[in-house]
Structure formats: C-alpha cells, structure tokens
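*Asks:* This is the structure, below, for whatever I ask next.
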Amino acid sequence: METQVILISGVAGIIALLYAVVATGKIKAFEVTNEKVLELSSIIQRGAMAFLSREYKALVPFVVVVAAILGYKIGFASAVSFLLGALCSALAGFIGMRVATGANGKTAFAASKGVNPALRIAFMGGTVMGMSVVGIGIIGILVCYYLYGDPAVITGFGFGASSIALFARVGGGIYTKAADVGADLVGKVEAGIPEDDPRNPAVIADNVGDNVGDIAGMGADLFESYVNSIIAAMAIGIATFGSLGVAYPLLLAALGIVSAVIGTFFVRVKEGGDPQVALRKGTLVTGILIIAGSYFLTQKMFDDITLFWAVTAGVAVGVIIGLVTEIYTSSSFNPVKQIAASSETGTATNILAGLGVGMKSTALPVLLICGAILVGVKFGGLFGIACAAVGMLSITGMTLSVDAYGPISDNAGGIAEMSHMPPEVRKITDRLDAVGNTTAAIGKGLAIGSAALTALALFAAYATAVGLESIDLNDPKVMVGLFIGGMLPFLFSAMTIQAVGRAASKMIDEVRRQFREVPGILEGTGQPEYEKCIDISTAASLKEMIVPGLLAVICPVVVGMVLGAEALGGLLGGAIVTGVMMAIFMSNAGGAWDNAKKFIEEGHHGGKGSGAHAAAVVGDTVGDPFKDTAGPSLNILIKLMSVVALVLAPLF
C-alpha cells in the first residue's frame, strides 16, 4: 500500500512540475519585438533575483544553526528534514520568481494584441509558481517519508518550510511596501505624476517589490501551508487509521494537483469578456473535481464516505471565503464603493471607512472556519479537521496560479507606462491589474482560512505528542501562556508595520532628494537614479526581517521550557485566535483601500488629481503594509509557532 501511495503521489508531483516546464517553454517562445519592453523587464528581473539571492544568503546562518540544534537535541533525521523543507521552499520561490519576472514584459506586449493573449501569458506565468509549489511540496514530503517512514520526523520538513516562508513574507513585504509607499506619496500626491511613471525614481523598486512580496512571498506562504496541512494530517492519521491515515492526505493532495492542471484549461476569455469570470471558472472547476474525486477516493479507501464530508467542508469553505473576500475587496461591491465615497470628505473618513470594512470582514470568514471545524470533528474527529485543511489547500495549484497572475499583470501595466505603449494597451493591463488586486485578496483569504485549520491540526498533533488531553484555564501558567499568545500577533504586526514606516521614510527622502537635485527628472530630460531606491528597499528589508522572524521561533521554546507543555498549549491557542482575526482584518482592509483608490482613478468621485483621489492614495498607503506585510505574515506566524512546538515536543 505504501509503495503504491508514494508512486501515485509522486507521479502527481511530477505532472505538476512537467506542467510548469511546458508553461515556461511557452512563455519563453512568445516573442517580444519592443526593445524598451525587453530592457525594462530585464531590469526588474535582475533586481528581483538579486534581492532573492541576498535574502537566501542572509538566511543560511539561521538555517544551519537551527539544523545543528535539531540534530543535537532531537535527532539527525529531524535536522535533515528541516534542511530539505527550507531548500524546497527556497527552490519553489526561485523558480516562480524567475518565470514571473520574465512574463511581465511579455504580458505587456501581448496586451497590444488583446485581452485574451495578455491574460494567457500572465496566467501561464502564475501557473509556473502554483504548480512548482505543489509539485516540489509533495515530492519533498514523499522523499522524507521514504527515508524515515515516520510522520513525526517529517514535521521537521514543515518547520524548514515555515521558517523560510516567514522571512520571505516579512522581508518581501517590507521591500515592496517601502517602495510602493514612497513612490505613491511623493510621485502621485506631491509631484502629481501618474503611477508607474518612469520619472519616479522609486518606480523600478516598486515593480521589483511586486515580485519579491507577492510572488516569492506568497509562494513561500502557501508552500508551507500546503505541506504543513499534509504533514499534520499524516501525524494525526497514523494514530487514528494507521497506514491508511498516512496515505489518505497524500492521495488527496495528488487529486488536487490533477484537478488544478485540468482547471487551468478553463481559464479563457473572449475579447471584451471579463478576466475575473475566467479565473473564477478555473477555481470552481478545480474545486468541483476535487470534491467529486474525493468521494470516490474516500469510498475506495475506507469503504465509507464519512471523511468525504470533512474534505468537502474544507474545499467549500476555502472557495466561499474567497468569494466573501471578493465582496469586501472588489470595487464591484458596496464596501469598496463606500470607502471611495467617504474619500470625498478627506483622508480621515477614508481611513475610518477602511478600518470599519476590515473589521466587519472578519465575521463571515470566522463563522465559515468554525463551520469547517465542526463538520470536520463530526465526521472524523481531529483527523477530520486535518482533512478539512488538506481539502481547503488541495486547490493550492490553482489558487496560487491565480494569485501570482496579479503581480505579473501589475508589472505589465508599469512596463506599458514606462515604455510609452499606446493608451489602449495600458487600459487592458489596468483591467487585468484590477482583477489581480481582487485575486490577490482572495489568495490571502484562502491562506488565512487554511492557516486556522492547519494551525489547529498542528496543535492537535502537538497535544497528542506531549500527552495533553485538555488545557486547564484555572491554571495560572496556562492563562499566562494564553495572554502571551494573544499578544504576540499584535507585537509582530507592530514590528512589521513600523519597519515599513522606517523604510518608506528613507524612500520618501530619497525620491524628494532626486526631484530636487537631479536636473530634468520631472521634465523627462533627466535620468532618475533607480538603483539607489532599490538599495534602500533591499537593505531595509534584510535588516528588518530578522527580529520578527526570530520572535516566532524563540517564544514557543521559552514558554515551553519555562512554563511547561500545557502553558505552551495556551500560547498556541491565544495566538491562533488573535492571529486569524488580525490577519483577516488587515488583509481585507488593505485590499479594500487599494481598490477604492483604483475605483476613483477610473473616473468616479472626481477621478485622478481630485481631493478624493489624494485621500484615497493616503488610505492605500496605510493599507499597503496591512495587506502585503503584516496581515499575510500572521498566518505564517501562527503555523510556525505551532510546528516549532510540535517538532520540539520531546523537549517539553
């Protein structure tokens, strides 16, 4: 049985990687004849890959030290699994970034031929990221399981993936938002020049940042979510169903990969059609195939369909959370329109409206997550919750493809503007980019929803590992752990948001200095010093990502060693509750502010250059670190703390 499962799951992983190879070949084969487009795309790619290289080099000492500690305290197998998890996460990010930064210019050029060619190139670039993550993820888990045959050891793989993910998400988020905030406030508000105008010294750093934050960062985020959901289900499943409990989540993941590959063929749009509908169709087809396939898989493996309902709850809730997120962050719906309308009375009312929308948006996703938890428990106990998480993340191949499409479209719009392509081209790229903002918000919604279920599954695995049957709230140590856990997401968010503020201040000073001192920039006769802005974002992100990242690793260890296993359980519970709420609130508020600004730029409420537009730009800059730095990093924080507790459980 085990050999067959490894073979089937491995074949699915290989299919995903082959798809990524074919998609890469098609993107490379698309010829661009505009020299300026090629030049700009090359500059952005070099900047993004240089940052990624420096980031990975900065993480090498951390990875080596943690692996050495694991090898000494836990065992050689855990150390090897940790290293493999870190390596696989970095590899997935590298591949996705390389292809995405090559697809951006080609998307801009394809837009001169129409909406569908541009959509196909952008989405194809996204699928390389999506398929690389699921393919490398499942193959990495299989290699660890083949080597050691113990799900408890494989948790080290998840630890490695989560560590890289947190640093990549925080570092990438600081980089992109420092550049974005600086470019917007000085360029749009003070100088009155359009977004992505080549006269703006921060414009290249901004475009590079879209990739390091939303391609490499998001890829690492969903990579660790994906592998940790499978690992948690395997760890709980072996205690519940033996080898069947290990095989089931692996085969579910394999089913998800095949379904995602089929779903990509449904992402098509006729000229004049809606790209959002095309992308939504691909996601829905993938979800339906997984639900149908999981019915037959469950029946075949257990001669019973009980667990099917847990998986279905996970898939359904993942898709519905995406739709709810769209309602709160898309300019097609009232919440964003209300924020745009509030901008007419100034910056303060815009910010108040955005905060209100973000807070309100937590209600439905949390209730949906609660529903998935209750259905999972009813139809499979703790293993049911873990299977619901695997079900929700089984659509990762498609959702990440859709998510990565967004930054590629955003870059395409910037390249179209900087290379002075015709206005109709920019109109198409703006349309694709507006859809990309919504798909990014949906991807973050899925990541946060899955984080809650995955963290809960990891928590259950931890409780099993340390023999924790219940947590006594009358125990002062437990309450201390609970309060510390509840506080950590706030402290972590403060650190990351303030880091963006410090880096953005330096960027603003630099852009203002260049406008003042470099002759002819605003007249278009002088050349901005783009490299200086890139250096500011790079240096700030690499420096500022260290402390928040270490916080997630050190706090569980200290609480577990000083206060004990039960108090650590309290810490994890507190962090999961406040972390999920904060993540949903900040991600949705930021997405809503961003699309409210774009809604005004389309000509509503006075359009570009109006007082409402200036207020919306400020609101968007507040939302930038919410949605792209602190918010999405929180779901990694709660899972990393949970997996640290699980890996180090023997010490507690």
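The values are calculated or read from the model by the stated rules, or taken from the named source; none is laboratory data. None of the values given here were measured: they were computed from a predicted structure. Reconstructed Cβ throughout: ideal geometry from the backbone, glycine too, with neighbour counts over all protein chains shown.
*Asks:* Is it true that some residue in segment 192-203 is assigned to a helix (DSSP H, G or I) and buried (at least 24 other Cβ atoms within 10 Å of the Cβ)?
*Replies:* Checked against the condition, which is being assigned to a helix (DSSP H, G or I) and buried (at least 24 other Cβ atoms within 10 Å of the Cβ), segment 192-203 yields at least one hit.
*Asks:* Identify the residue in segment 30-67 that is among the small types (Gly, Ala, Ser) and modelled with pLDDT under 90 and, among all such residues, is surrounded by the fewest Cβ atoms within 10 Å (Cβ to Cβ).
*Replies:* Across segment 30-67, the extreme among qualifying residues is Ser53.
*Asks:* Going by what's in this entry, would Val500 be described as modelled with pLDDT under 95, under 27 Å from Ile238 (Cα atoms) and either surrounded by fewer than 21 Cβ atoms within 10 Å (Cβ to Cβ) or of a type outside the set (Gly, Ala, Ser) (or both)?
*Replies:* no
*Asks:* Could you tell me whether segment 519-527 includes any residue that is farther than 24 Å from Leu651 by Cα and touching a helix residue (DSSP H, G or I) at 6+ places or on another chain (Cβ under 7 Å)?
*Replies:* Yes, segment 519-527 contains a residue that is farther than 24 Å from Leu651 by Cα and touching a helix residue (DSSP H, G or I) at 6+ places or on another chain (Cβ under 7 Å).
*Asks:* Separate question: Keeping to segment 408-420, report how many residues are hydrophobic (A, V, I, L, M, F, W, C) and closer than 10 Å to Ala111 by Cα.
*Replies:* Residues flagged as hydrophobic (A, V, I, L, M, F, W, C) and closer than 10 Å to Ala111 by Cα within segment 408-420 amount to 2.
*Asks:* Filter segment 274-330 down to the residues that are within 27 Å of the chain's Cα centre (by Cα) and either of a type in the set (Ser, Thr, Tyr) or on the phi > 0 side of the Ramachandran plot (or both) and list them by number.
*Replies:* Listed by number, the residues that qualify are Thr283, Thr286, Ser294, Thr312, Thr325, Tyr328, Thr329, Ser330.
*Asks:* Please verify whether Phe123 is over 15 Å from Asn207 (Cβ atoms) and within 17 Å of the chain's Cα centre (by Cα), treating the condition exactly as stated.
*Replies:* The answer is yes for Phe123.
*Asks:* Suppose the filter is aliphatic (A, V, I, L, M) and at pLDDT 85 or above; does Val5 pass it?
*Replies:* Answer is no for this residue.
*Asks:* Mind telling me which of the residues Ala388, Ala404 ends up being closer than 30 Å to Ala23 by Cα and buried (at least 24 other Cβ atoms within 10 Å of the Cβ)?
*Replies:* Just a single option satisfies the conditions, and that option is Ala404.
*Asks:* Here is a further query. Under 8 Å by Cβ, and 6 or more places apart or on different chains, what pairs join a residue from segment 516-537 that is on the phi < 0 side of the Ramachandran plot and of a type in the set (Asp, Glu) with one that is part of a helix (DSSP H, G or I) and surrounded by 13 or more Cβ atoms within 10 Å (Cβ to Cβ)?
*Replies:* Glu529/Gln514
*Asks:* Could you look through segment 213-241, keep only residues that are at pLDDT below 85 and of a type outside the set (A, V, I, L, M, F, W, C), and pick out the one that is farthest from the chain's Cα centre (by Cα)?
*Replies:* Taking the candidates together, the pick is Thr240.
*Asks:* Looking at segment 458-490, which of the residues that are aliphatic (A, V, I, L, M) and outside any helix (DSSP H, G or I) is surrounded by the fewest Cβ atoms within 10 Å (Cβ to Cβ)?
*Replies:* Leu473
*Asks:* Need the failing condition index for Gly526 against (1) out of contact with any Lys or Arg (no Cβ under 9 Å at 6 or more places or on another chain); (2) surrounded by fewer than 17 Cβ atoms within 10 Å (Cβ to Cβ), just the number.
*Replies:* (1)
*Asks:* Also, I was wondering about something else. In segment 386-425, how many residues are within 30 Å of Ala239 (Cα to Cα) and assigned to a helix (DSSP H, G or I)?
*Replies:* Here the count works out to 10.
*Asks:* Can you name the number of the only condition in (1) within 23 Å of the chain's Cα centre (by Cα); (2) among the hydrophobic types (A, V, I, L, M, F, W, C); (3) modelled with pLDDT of 90 or more that Ile204 fails?
*Replies:* In the conditions (1) within 23 Å of the chain's Cα centre (by Cα); (2) among the hydrophobic types (A, V, I, L, M, F, W, C); (3) modelled with pLDDT of 90 or more, Ile204 misses (3) alone.
Matching residues to (1) surrounded by 24 or more Cβ atoms within 10 Å (Cβ to Cβ); (2) touching a strand residue (DSSP E or B) at 6+ places or on another chain (Cβ under 8 Å); (3) in a helix (DSSP H, G or I); (4) of a type in the set (A, V, I, L, M):
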position: Ala592; (1), (2), (3), (4): yes, no, yes, yes
position: Lys608; (1), (2), (3), (4): no, no, no, no
position: His613; (1), (2), (3), (4): no, no, yes, no
position: Gly619; (1), (2), (3), (4): yes, no, yes, no
position: Lys627; (1), (2), (3), (4): yes, no, yes, no
position: Pro632; (1), (2), (3), (4): yes, no, yes, no
position: Ile636; (1), (2), (3), (4): yes, no, yes, yes
position: Lys639; (1), (2), (3), (4): yes, no, yes, no
position: Val643; (1), (2), (3), (4): yes, no, yes, yes
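*Asks:* Could you identify the single residue in Gly376, Gly436, Gly397, Gly391 that is more than 21 Å from the chain's Cα centre (by Cα) and in contact (Cβ under 8 Å) with a residue 24 or more places away in the chain?
*Replies:* Residue meeting the stated conditions: Gly376.
*Asks:* What's the number of the condition Leu147 fails, among (1) farther than 15 Å from Ile215 by Cβ; (2) at pLDDT 90 or above; (3) not small (Gly, Ala, Ser)?
*Replies:* (2)
*Asks:* Select from segment 426-452 the residues that are crowded, with 24+ Cβ neighbours inside 10 Å, modelled with pLDDT of 80 or more and over 13 Å from Ala583 (Cα atoms) and list them in ascending order.
*Replies:* Hits for segment 426-452 are Ile428, Thr429, Leu432.
*Asks:* Further, regarding this structure: Could you identify the single residue in Gly611, Gly590, Gly607 that is within 19 Å of the chain's Cα centre (by Cα) and not acidic (Asp, Glu)?
*Replies:* Gly590
*Asks:* Among the numbered criteria (1) surrounded by fewer than 24 Cβ atoms within 10 Å (Cβ to Cβ); (2) touching a helix residue (DSSP H, G or I) at 6+ places or on another chain (Cβ under 9 Å), which one does Val208 miss?
*Replies:* Result: Val208 passes all but (1).
For (1) in a helix (DSSP H, G or I); (2) touching a Ser or Thr at 6+ places or on another chain (Cβ under 9 Å); (3) farther than 30 Å from Lys477 by Cα, each residue gets a yes or a no:
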{"position": "Gln514", "(1), (2), (3)": "yes, no, yes"}
{"position": "Gly524", "(1), (2), (3)": "no, no, yes"}
{"position": "Val580", "(1), (2), (3)": "yes, yes, no"}
{"position": "Ala583", "(1), (2), (3)": "yes, yes, no"}
